[in-house]
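> A single structure is presented below for examination.
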Amino acid sequence: MAPAGISTSSSITLHVNGEKYTLPVDHRTTLLDALRERLDLTGTKKGCDQGQCGACTVLVDGRRAVSCLQLAVAAEGREITTIEGVADGDTLHPLQEAFVELDGFQCGYCTPGQICSALGVLQEHAAGWPSAATEDVRPEAGPPPLTPEEIRERMSGNLCRCGAYVSIVRAVAQAAENTKEQVA
């Protein structure tokens, strides 16, 4: 219990999928719980609630974040993208299309986190960020080839209990190729 005169809740504004939401939250509320329970954005899944499985992965200011470990108050004013904000209306993102086409999911529980994480992976790779699997990390070497080994390493924070890893890697690789072709 908080000492007299010290508030343990406040009103915050979250920028989620291009929309602003103002809501009162307890300061201990995680971003995951605010998204699911307060904003009814249930695409983001609660898996382990310990940051170990990646099912709750969202993008915060374009970077991957496990929302079960981030407090909602810490996300105030930042741009949050959940799986509900990935598609453009009824048009799926190339990554979503690749997951569907290549069966990058089985039960689908981890898929929202996998897709949000893969979006972060593609952005990190395009920016030239190395991974633990990158052989040549010199800046002048440029982005490494997005090999299956690179994709597996970069996606290693997202678990799939059904074991759809082979299809997930293929889907990320295909989306990377399709995105590269669209930019060219």
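> Please calculate how many Å² of accessible area the stretch 52-139 carries per residue, with a 1.4 Å probe and no DNA, RNA or ligand atoms counted.
About 48 Å² of surface per residue is accessible.
> Ranked by accessible surface with a 1.4 Å probe, highest first, in what order do Y21, Y165 come?
Correct descending sequence by accessible area is Y165, Y21.
> A follow-up question, please. Tell me the accessible surface of V137 in square angstrom (1.4 angstrom probe, heavy atoms of protein chains only), to the nearest ten.
90
> Ordering K45, K20 by accessible area with a probe of 1.4 Å, largest first, what comes out? Intermediate results must be reported in sequence, preceding the final value.
Working: K45 45, K20 145 Å².
Ranking K45, K20 by accessible area, largest first, yields K20, K45.
> Starting with the highest mean, order 140-146, 28-34, 68-74 by the number of other Cβ atoms within 10 Å, averaged over the residues of each peptide.
Details: 140-146: 12.4, 28-34: 21.4, 68-74: 18.6.
Result, highest mean first: 28-34, 68-74, 140-146.
> Within the accessible area of the chain, what % is carbon and sulfur when the probe is 1.4 Å and the other protein chains stay in place? Please report the intermediate quantities before stating the final value.
Values: 5060 of 9910 Å².
Result for the chain: 51 percent of the exposed heavy-atom area is carbon or sulfur.
The values are calculated or read from the model by the stated rules, or taken from the named source; none is laboratory data. Predicted, not measured: the structure shown is a model, and the values here were computed from it. Heads up, the Cβs are rebuilt from the backbone with ideal geometry, glycines too, and the neighbour counts pull from every protein chain shown. Areas reflect the complete protein model, heavy atoms only, side chains present, ligands, DNA and RNA absent. Shrake-Rupley method; radii C 1.70, N 1.55, O 1.52, S 1.80 Å.
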